[in-house]
Amino acid sequence: MQQIFPQHTIVTPKDEGLPFDPEETGVTFYENSLIKAQALWNLVHCPVIADDSGICVDALNGVPGIYSSRYGGPAYPQGKPDGSKTPQDEQNCMLIDQLNKAIADGIDIEGGKKHGKFTFGPRTAHYTCAMVLYQGPDRLYVAEDIMEGTLVESIEDAHGTGGFGYDPIFFLPQYQKTAAELTADQKNAISHRGKASRALKALVDDMKND
């Protein structure tokens, strides 16, 4: 964010010593980003940016989606009942296994292609980011974008130490690398967060020029 908004100083609630952990009760990325933006604005009463993001596997109807951080495998796609967090390495393994099982069980690949669901094959996945610039109850701006790729076929194909979350198992055909193997500049150029951030920056720049 600081790289994309170099003329501004970006600070987080933690930087300012603010307790901040709103309950994300939305059913879309946008709803959760708005919940966070409103909650933070209510604390600071100045322009804030908040986002919500996650990985969506097309053949699994978008799982884990908004529950990416809470994903507990096919038994608990929306998170475990006790609220405990599954280690990321386990999440990566379970998501690959869940997709592999869906493919083995027979998903309608041809029908999917016809309707656009599996344009790049049954392993297609994408990251989504919804980002809100909140300037008050009656003035807000939203940008939502994606980064497309595929899931690797096996956890042994996971590579890279950069990024976070599902990046080591998210393969980008145009780079022949996983998201975790990209440089920061490469990732900012194509990532869901990078795209959404630049869209909001364009809005901010337009407001300055008005």
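Structure data summary
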quantity	calculated
Some residue of the stretch 4-19 being open to solvent by less than 30 Å² (accessible area, probe 1.4 Å) and among the aliphatic types (A, V, I, L, M)	yes
Test: Gly121 is closer than 16 Å to Glu181 by Cβ, surrounded by fewer than 19 Cβ atoms within 10 Å (Cβ to Cβ) and either touching a helix residue (DSSP H, G or I) at 6+ places or on another chain (Cβ under 9 Å) or free of Cβ contacts under 8 Å to residues at least 40 places away in the same chain (or both)	no
Residue under evaluation Leu43, criteria (1) assigned to a helix (DSSP H, G or I); (2) within 30 Å of Arg198 (Cα to Cα); (3) touching a residue at least 40 places away in the same chain (Cβ under 8 Å), criterion not met	(3)
Of the criteria (1) farther than 26 Å from Tyr67 by Cβ; (2) without any contact (Cβ under 8 Å) to a residue 12 or more places away in the chain, which one Glu156 fails	(1)
Test set (1) surrounded by 20 or more Cβ atoms within 10 Å (Cβ to Cβ); (2) modelled with pLDDT under 95 - Met94 fails condition number	(2)
Residues (modelled with pLDDT of 95 or more and open to solvent by 40 Å² or more (accessible area, probe 1.4 Å)) located in the stretch 177-192	Lys177, Glu181
Matching residues in the stretch 137-165 - criterion: being open to solvent by 60 Å² or more (accessible area, probe 1.4 Å), over 23 Å from Ile49 (Cβ atoms) and of a type outside the set (Val, Ile, Thr)	Glu148, Glu153, Glu156, Asp157, His159
Single condition Asn32 does not satisfy, out of (1) out of contact with any Phe, Trp or Tyr (no Cβ under 9 Å at 6 or more places or on another chain); (2) part of a loop (DSSP other than H, G, I, E, B); (3) open to solvent by less than 50 Å² (accessible area, probe 1.4 Å)	(2)
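The values are calculated or read from the model by the stated rules, or taken from the named source; none is laboratory data. In this text, all values refer to a predicted model and were calculated from it rather than measured experimentally. Don't worry about glycine lacking a Cβ; one is built from the backbone with ideal geometry, like all the others, and counts go over all protein chains shown. In case anyone asks, the SASA skips ligands and DNA or RNA and just uses the protein heavy atoms, side chains included. Shrake-Rupley method; radii C 1.70, N 1.55, O 1.52, S 1.80 Å.
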